[in-house]
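Below is one structure; the comments refer to it alone.
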Amino acid sequence: MRFVGCALAWRPGEAGEKDSCLVVMDERGSIIANTFAGSTEELRGAIEAYGEERRGVIVGVDAPLAVPNERGTRRIERILSKVALPAYSASRKMFGGSPLSEDLLEELEKIGMEYTDYPFPRERGQRVVVEVDSAATLKVLSLERAGEDGDPGTVLRGMADPKLRKGNKEGRAAAIRGAIEVLWDTPGLRLRTGNLSADLSAEENIDVSKLEVSASMSHAELDRILSLVEGTLAAYTVHRHWRGRDGSMVVGTGTEGSVLLPAKGALRDRIAEEARASGVPYV
């Protein structure tokens, strides 16, 4: 099996202008490859190559895959915001039509991949695509790392969201370094493998854990590192779910918008409570 995280450049102003990033994990949780691509066709080709002669591939796309609402927000976004988890604010109006993620799904269908809201844990042979949220995953991992007791919603509200995308270079560099530190400390995730390099200018196979992230970098370089971080978080999310050991859940349905999240114990119970109150399915 291969587990691919896709940090899709989907936001208005990004789509068609910035590269997207793919990060690939094996069943052991090791990062074995990554690459950048500028179009959905290139993403399809790379994902097809990563899945060749493998017993299945699960792709976690860090972007809204189902956007049925013309305006406002999706129901899943409102649920996540109630427990202080970051959520995409997506509507068809903001894209001026269909989002880039729909184009990606069409491309992936050409190679036999299916959009789903629930990949099956421990089952090989799947070729599916699911929506994830790297910012939410990062915050959950930070919560688990802190190990604080009490209501998880209260704890999450007390945690500042890192300024990964906006702000000056000093603030962004510090936030990205913090995110990499969280990844480094995450059980079940092996960041450093022998076939990756510390050359940020390389087209593929960059070891994000070896990069010296600093304010001397350009915003474009920080964006490139952030894409690697987001792709890693996306790959980790689907791999964690597939392993079925550390806790995960899907909130929402495919047609209305759903998100696969790492969640266990009190946090899972808290999200489930909000989903039930809103009449939104979860599993």
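The values are calculated or read from the model by the stated rules, or taken from the named source; none is laboratory data. Only a predicted model underlies this, so the values are computations on that prediction, with no experimental measurement involved. Note: ideal-geometry Cβ built from the backbone for every residue, glycine included; neighbour counts use all protein chains shown.
So for the range 212-233 (the condition being touching a residue at least 60 places away in the same chain (Cβ under 8 Å), touching a Ser or Thr at 6+ places or on another chain (Cβ under 6 Å) and more than 22 Å from Ala63 (Cβ to Cβ)), does at least one residue qualify? No - not one qualifying residue is present in the range 212-233. Filtering Gly178, Gly167, Gly171 for residues that are over 20 Å from the mean Cα position of the chain (by Cα), within 17 Å of Val213 (Cα to Cα) and modelled with pLDDT of 95 or more leaves a single hit, Gly171.
Of all the residues in the range 235-263, those that are assigned to a loop (DSSP other than H, G, I, E, B), touching a residue at least 60 places away in the same chain (Cβ under 8 Å) and not hydroxyl-bearing (Ser, Thr, Tyr) number 4. Of all the criteria given as (1) over 18 Å from Tyr236 (Cα atoms); (2) of a type in the set (A, V, I, L, M); (3) in contact with a Lys or Arg (Cβ under 9 Å, 6 or more places away or on another chain), the one not satisfied by Val57 is (1).
Here Glu17, Glu41, Glu52, Glu70 are screened, and the one residue that is at pLDDT 95 or above, surrounded by fewer than 21 Cβ atoms within 10 Å (Cβ to Cβ) and either of a type in the set (Ser, Thr, Tyr) or over 25 Å from Leu143 (Cα atoms) (or both) is Glu41. Go through the residues of the range 134-147 one by one and say whether even a single one is touching a Lys or Arg at 6+ places or on another chain (Cβ under 6 Å), crowded, with 19+ Cβ neighbours inside 10 Å and over 30 Å from Glu114 (Cβ atoms). Taking every residue of the range 134-147 in turn, none turns out to be touching a Lys or Arg at 6+ places or on another chain (Cβ under 6 Å), crowded, with 19+ Cβ neighbours inside 10 Å and over 30 Å from Glu114 (Cβ atoms).
Would you mind stating whether Arg268 is under 26 Å from Pro68 (Cβ atoms), without any contact (Cβ under 8 Å) to a residue 24 or more places away in the chain and buried (at least 16 other Cβ atoms within 10 Å of the Cβ)? Judged against the criteria, Arg268 is a match.
Check off (1) touching a residue at least 60 places away in the same chain (Cβ under 8 Å); (2) more than 25 Å from Glu14 (Cβ to Cβ) for Glu114 and give me the number that stays unchecked. That leaves (1) as the condition not met.
Checking the conditions here, which among Leu189, Leu164 is buried (at least 18 other Cβ atoms within 10 Å of the Cβ) and in contact with a strand residue (DSSP E or B) (Cβ under 9 Å, 6 or more places away or on another chain)? Steps first, answer last, please.
Numbers: Leu164 fails: in contact with a strand residue (DSSP E or B) (Cβ under 9 Å, 6 or more places away or on another chain).
Only one candidate qualifies: Leu189.
Has the range 198-210 got at least one residue that is assigned to a helix (DSSP H, G or I), within 23 Å of Trp242 (Cβ to Cβ) and out of contact with any Phe, Trp or Tyr (no Cβ under 9 Å at 6 or more places or on another chain)? Yes, some residue in the range 198-210 is assigned to a helix (DSSP H, G or I), within 23 Å of Trp242 (Cβ to Cβ) and out of contact with any Phe, Trp or Tyr (no Cβ under 9 Å at 6 or more places or on another chain).
Being in a helix (DSSP H, G or I) and out of contact with any Lys or Arg (no Cβ under 6 Å at 6 or more places or on another chain) narrows it down to one of Glu131, Glu181, Glu123, so name that one.
Answer to the check: Glu181.
For the range 201-220, which positions are in contact with a Leu (Cβ under 6 Å, 6 or more places away or on another chain) and surrounded by fewer than 19 Cβ atoms within 10 Å (Cβ to Cβ)? Matches in the range 201-220: Asn205, Ser209.
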